[in-house]
1. Inspect all residues belonging to segment 175-187 and state whether any of them is open to solvent by less than 20 Å² (accessible area, probe 1.4 Å), part of a helix (DSSP H, G or I) and more than 24 Å from residue 278 (Cα to Cα).
2. If a residue counts only when it is at pLDDT below 90, buried (at least 16 other Cβ atoms within 10 Å of the Cβ) and of a type in the set (A, V, I, L, M, F, W, C), which helices (runs of 4 or more DSSP H) contained entirely in segment 43-152 have at least 2 such residues?
3. Within segment 188-201, how many residues turn out to be surrounded by fewer than 22 Cβ atoms within 10 Å (Cβ to Cβ) and either small (Gly, Ala, Ser) or under 24 Å from the mean Cα position of the chain (by Cα) (or both)?
Amino acid sequence: MSKLFPVWILVCVLLCLSSSAAFKSQLLPAARSGTLLSASRLHPQDSKVLVVGLGALPLLTMKTAFFAGYKEVLYILPEVQHAKCAKLMFGDDYQMATDGDGYLVTPETSSEGFGANSCGGRLKFLDGSNSEDVASVEGCDGMIFCGDEPSPPVPWSVAEYLLDACGPSLKQVALNSKTFNEEGYGFVVKAARKTANKNIWDQDGKEVAALKDFEGKVKGKGVEGGFDVTVTRSGTLKGGGWGSTDPLADDVPSVGPEAYGLSDGFYEAVKRDIVNFNLLFDCETSDCYVMRGDVGRGGGNAQIVKANSVKEEAGDTGRKGAAGALVYALACEAAQGEFTVRSKAGERGPRGVAEWEKKFADGSSDGYGEA
C-alpha cells in the first residue's frame, strides 16, 4: 500500500489539474485482410480494456468500446468528474448509479434497457487516488491512450506505471497521436489556429516533439513487454456527439446501439457561437477514411476559411472516427502498424469488427481521391 501511495497521489493531482482545463476548453509489416482474429488480437466479449486520457475523445472511446461489446471498459479520472462524464455519455436525464461491484448501471443494463440490443459489457470509472481502484487495472488485455489536447494524454511516468500494472495479460495497446506529415501545413495553418479555431492541429514544434517522445516510449515498452502497439493519427478533432438525442429526427433511439456519440450536452460544452459547427459536422461528416501510414495533410492556404467547416476537409478528423479506430485497432487483424484517420462525408461511420476490418485492410487509399 505504501509503495502505491506516492505514485497515485501524483496521478490524482495530475488528472485533476489537467481534466478541469480539458473539459472547460473542449467538453476523446503489411496487414492481412479478413475478419478472423489472430491469437494476439482481442476478442471484445472476452476482453478487459483500460482507457487513459483526458477530454471528450477518451470519454467517447469508452462509450464506443462499450457498444463494441468489450467485457469490461475502465476509465481513470478524478472522482469529482464521474457524474458529469456519465451525463455526457448518456444524457442529462441519466442519474449515475453503480452496482455492488462499482460498475455503472447504464440505460442498456437497467430494467428499462433495450433487451436484446443490450451490449452486455460493463463500464467502470476509476478514481486515481483510490488504491483499490488502481489495483483493478491488473489483468487488462488492452489499453487505449488518447486525449483532446495536442499533447501526451498523461505524463509518461503515469503511462509507464499503468502499463506495468496491467501485468502480463496486456496484449494490445492503441495510441492516438497526431499527423506529422508536413504536407498542407505551414504559416496559414498556424495563423488559423490563432485567429479562427484554437483547436486546429498546426504541427507546433514543441507539441510534435512531446508527442513523438511519448509515442516512442510506448512502442519501446511494447517491445520490452511483448504487446503490440497500433498508432492512429488524427488532425483537427471535430464533432463527437449526438448520442442521447437526435436533434433532427424523432425516430432514432435516445440510447442503444444506434446512439453512437456523446450526449447532446457535449454540444453545449463546446459551443462557442450561435452556430454549433460540431453538431452540424456530426450531421454531415460522421464517416471516416482510414489510411495506412502517416499520410495526413493539413488544410493549406484554405485553412482559415475552413477552420470551422462542417464538410469533409483535409486536416480534419471526426471524434467518432478517431474513437472507433482506437477501439477496433485492438481487435482487427488488419490493424497492425500506424494509420491516419480523416473525416469523410456520411451520416454514419463503420460499426463492428467486420466493417472496421475492411477499413483497416483497405488502408492503401489515401483518402484524397487517390489509391
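The values are calculated or read from the model by the stated rules, or taken from the named source; none is laboratory data. All values reported here derive from a predicted model rather than from experimental measurement. A quick note on method: Cβ atoms are made from the backbone with ideal geometry, for glycine too, and the neighbour counts reach across all protein chains shown. To get the accessible areas, we keep the full protein, side chains included, count just its heavy atoms, and leave off ligands, DNA and RNA. Shrake-Rupley method; radii C 1.70, N 1.55, O 1.52, S 1.80 Å.
1. No: segment 175-187 contains no residue that is open to solvent by less than 20 Å² (accessible area, probe 1.4 Å), part of a helix (DSSP H, G or I) and more than 24 Å from residue 278 (Cα to Cα).
2. Filter on segment 43-152 gives 56-67, 82-90.
3. 6
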